[in-house]
Amino acid sequence: MTDTRMPAPSELSREEIDIQFRHAAEVARFHAKNGRVGDKAPLCFVQTFGCQQNEADSERIAGLAVLMGYKITNDPSEAKLILVNTCAVREHAEKKALSIIGQYKHLKDADSDVLIGVGGCMVTQKHRADQLKNSYPYVSFVFDTGSIHTLPSLVAGALAGAKRRFVIGESAGIAEGIPTERALSYKAWLSIMYGCNNFCTYCIVPYTRGRERSRTPEAILDEARSLIAGGAKDITLLGQNVNSYGKDLEGADFPSLLRSIARLDGDFRVRFMTSHPKDASDALIEVMAEEEKIVRHFHLPVQSGSDQILDRMNRRYTAEKYLGIIERLKAAIPDVSITSDIIVGFPGETEEDFELTMEMLRRVRYDMIFSFIYSPRRGTPAAEMPNQVPHEVSTARFERMLALANEISLERNQRFIGRTVRILAEDVSRTDETKITGRGDSPRPIHFTADPSVIGQFVNVKITGADTFSLNAELV
Ligand code: SAH
Ligand code: SF4
Ligand code: F3S
């Protein structure tokens, strides 16, 4: 197939990708020569920590594994290739990943043919890479988020008995054309950009994922079309700050991209995350209000309701400016669902600052919030700030906030009772096997009784009840 698109300024060359495809073919041939094909194909287990971006990356990691002749398994104990995609956003995420990697040692001990690779955000930090080098000698290779495309050469090298390799900070380009192996055909992640330039003072992401790089609108639209043709009904556009999309390209911006995707043929819906309030524009709100394929849900992380904390977080907006966006959003899309991320216990957060965040919750009335206790990240400015908040104080505030957030969630969920809504049937309910779970504009799961054959299709349901975390409905 000839590629007629103009590559983005940060796109890797075709040769760089082709080299990797050749390595993948080499690995597949190696397995075939050893009789490991068909039913005997070696298995690969990919484990993902962290955000949707990492989920999307793992789909490319799995895609490359399949290209190398592996089959994907959900059971690490039967895998010949174990790839752990790590997260570094909070200490807890790193601890979990390190502990899991530790647990895989016995698999390598039991079978020296097993290869273990570690990727993702955690490995970009020097102290973590050193730790993997020194304390996890059974890890064969390490690759950062910009080096996913090099997996075939890493696996080929490891199979040939090469020295351990650590590919970190070697590439900051976009690798187009990497195959993906998706868990579900009807729900899809679509990365529109990589990296982050915002340097919020608490956050590790700009260090782990590098500077913002946008994919071209053509590449994104091509992928969206092929997803829709492949049965995708729910597409989530991904970026750390989608509102910055296109700043590194000519003539591209997020509202226009979103509109073009929403106007593609097919029965699907599109959502996006995450928006940064500092540049969530009226143009974006207008596109959302006008295009019916865009889900009426806006995830707009506020982080704090106190201007003094927002300033020290380097968020570059005030509570008032944030509330202004929310007001315009609600005016343009009266029934919009709004969600947020909030950090509790940022250094220097006083009782008054915390109360301002509580006030923000009361004023916005979020459908749902994701709240986090501040976790100091090495190398970020906030980790060095004075007046770190004691853990007991943060925990107590966190509990108070959760109680308020839940009260508001319940009230928000109740607004749907009696309404008929069109939702995507997504899965069998995790808590009740006789029920199907779906989602509409609200981020809350909706449970209803139906035949599992509806999974992956849009259905109309009438909401009959609501609690804090979910809604009940019946098929109409
Ligand atoms: N780019 C997105 C998401 C980044 S990470 C955004 O800007 O909204 C997801 C969330 O993790 C953040 O919104 C923030 O609330 C939280 N987070 C990031 N760093 C953190 C830290 N050091 N401690 C606690 N929570 C953190
Ligand atoms: Fe982190 Fe801020 Fe970038 Fe989000 S916008 S990834 S919170 S630095
Ligand atoms: Fe995502 Fe964690 Fe990296 S939240 S961007 S995987 S640090």
Checklist entry - Which whole-angstrom value gives the distance between the alpha carbon centres of region 125-142 and region 21-53? => result 23 Å
Checklist entry - When the convex hull of the C-alpha atoms of region 273-351 is computed, what volume per residue in Å³ does it have? => result 89 Å³
Checklist entry - How large is log10 I(q)/I(0) at q = 0.13, 0.16, 0.25 Å⁻¹ when the Debye formula is applied to the Cα atoms of region 420-475, each weighted equally and without solvent? => result -0.23, -0.36, -0.94
Checklist outcome for this item: quick note, the chain, DSSP beta bridge pairs, % antiparallel (nearest 5) is 30 percent
Next on the checklist: Can you tell me the convex hull volume per residue for region 117-267, based on C-alpha atoms, in Å³ to the nearest whole number?
Outcome noted: 129 Å³
Checklist outcome for this item: Rh_Kirkwood(region 296-415) over Cα pairs, Å, one decimal, evaluates to 14.8 Å
Item to check | Cross-link pairs Lys330/Lys462; Lys108/Lys133; Lys40/Lys95; Lys163/Lys187 - those with Cα-Cα distance over 27 Å | outcome: Lys40/Lys95; Lys163/Lys187
Next on the checklist: Averaging the inverse of every distinct alpha carbon separation and then flipping it gives the Kirkwood radius. What is it for region 10-58, in angstrom units?
Outcome noted: 13.4 Å
Next on the checklist: Compute the orientation-averaged projected area for the chain from the convex hull of its Cα atoms and round it to one decimal in nm².
Outcome noted: 23.0 nm²
Item to check | Packing-based order for 428-435, 116-123, 330-337, using average beta carbon neighbours within 10 Å, highest first | outcome: 116-123, 330-337, 428-435
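Since every read-out is calculated from the coordinates, none of them should be taken as a lab result. Remember, it's a predicted structure, so these values are computed and weren't measured experimentally. As a convention, Cβ positions derive from the backbone with ideal geometry for all residues, glycine included, and neighbour counts pool all protein chains shown.
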